[in-house]
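Structure first, commentary second.
The values are calculated or read from the model by the stated rules, or taken from the named source; none is laboratory data. Note that this is a predicted model, so its numbers are computed, not measured. Virtual Cβ from ideal backbone geometry, glycine too; neighbours counted across all protein chains shown.
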Amino acid sequence: MTDGDALTIDDEILARARIHAREVVDEQDLEIDLSALEWEVSARAKRRAGACRWNARREVATIVLTRRAYERYDWTEFAAVVRHELVHAWEFQRFGESGHGPRFHEKAAALEAPRHCRSFAEPRYVLRCLEADCEWTATRHRASKPVTAPDRYRCGACGGSYEVEHADSGRTWTTSSGYGGAKSALGEEW
Ligand SMILES: [Zn+2]
Ligand SMILES: [Zn+2]
């Protein structure tokens, strides 16, 4: 991909995101000052599909959208990311702070935006052998049996036991009850 192509994609991302933001503001009565909202595209971000920064001194929110996510997602999915970041921008502009608390949740639900900034490229689970001299690891995107019941399976290289890590949170388990415990401890963050 040449720089020229990359520029065109970034321009397209920003144009579509801005149009979508305008629709959301008009149709959902989202009280956002679009003139105090800036947009950027990140060519480097690998995990987050989007982010929102707040400059308290200038009182300007900046939504950063990830080029890789735009290339990977269909528009419906990517538009939901834009709405998620718009909720952050709304919180920053109105309250000077933003998180994923009840106020965020309520607004995100009204806009049909996902509650969490989903990471998109990383596998959700990492399997790692526990034997000292074995380097075996594997990744899984879904909670398949080797993820939910690692005590019933063995390392793919040495036959030893392995642990499973939930990549987003870093929580690990080695048994099916450990999986259940990690899952319920994380709740909404799962
Ligand atoms: Zn978020
Ligand atoms: Zn092993």
Could we say that Phe95 is aromatic (Phe, Trp, Tyr), more than 19 Å from the chain's Cα centre (by Cα) and within 16 Å of ligand 1 (Cβ to nearest atom) here? yes
Look at the range 16-48 and say how many of its residues are in contact with a strand residue (DSSP E or B) (Cβ under 7 Å, 6 or more places away or on another chain) and modelled with pLDDT under 90. 3
Subset of the range 104-149 (residues that are closer than 24 Å to Glu77 by Cβ and among the charged types (D, E, K, R)): Glu106, Lys107, Glu112, Arg115, Arg118, Glu122, Arg124, Arg140, Arg142
Would you mind finding the one in Ala167, Ala138 that is over 14 Å from the mean Cα position of the chain (by Cα) and either of a type outside the set (Asp, Glu) or modelled with pLDDT under 90 (or both)? Ala138
Could you tell me which numbered condition Val164 fails, if it satisfies all but one of (1) of a type in the set (A, V, I, L, M, F, W, C); (2) within 15 Å of ligand 1 (Cβ to nearest atom); (3) over 27 Å from Ala80 (Cβ atoms)? (2)
List every residue pair whose Cβ atoms sit under 6 Å apart, with the two residues 6 or more apart in sequence or on different chains, where the first one lies in the range 124-142 and is acidic (Asp, Glu) and the second, anywhere, is surrounded by 13 or more Cβ atoms within 10 Å (Cβ to Cβ). Glu131/Cys158; Glu131/Gly160
Condition set closer than 22 Å to His105 by Cβ and free of Cβ contacts under 8 Å to residues at least 40 places away in the same chain, scope the range 42-63, selection nearest to the chain's Cα centre (by Cα): answer is Arg53
Only unsatisfied item for Ala138, checking (1) assigned by TED's automatic domain parsing to the domain that holds Ala17; (2) crowded, with 16+ Cβ neighbours inside 10 Å; (3) more than 15 Å from ligand 1 (Cβ to nearest atom); (4) small (Gly, Ala, Ser), is (1)
Within the range 141-155, work out how many residues are surrounded by 15 or more Cβ atoms within 10 Å (Cβ to Cβ) and small (Gly, Ala, Ser). 2
Tell me which residues, restricted to the range 164-190, are more than 14 Å from Arg124 (Cα to Cα) and within 16 Å of ligand 2 (Cβ to nearest atom). Thr174
Exactly one of Val87, Val24, Val81 is touching a residue at least 60 places away in the same chain (Cβ under 8 Å) and assigned to a helix (DSSP H, G or I), and that residue is Val24
Any pair with Cβ under 6 angstrom, 6 or more apart, that starts in the range 99-118 at a residue that is assigned to a helix (DSSP H, G or I) and ends at one that is at pLDDT below 90: His105/Arg115; Ala108/Arg115
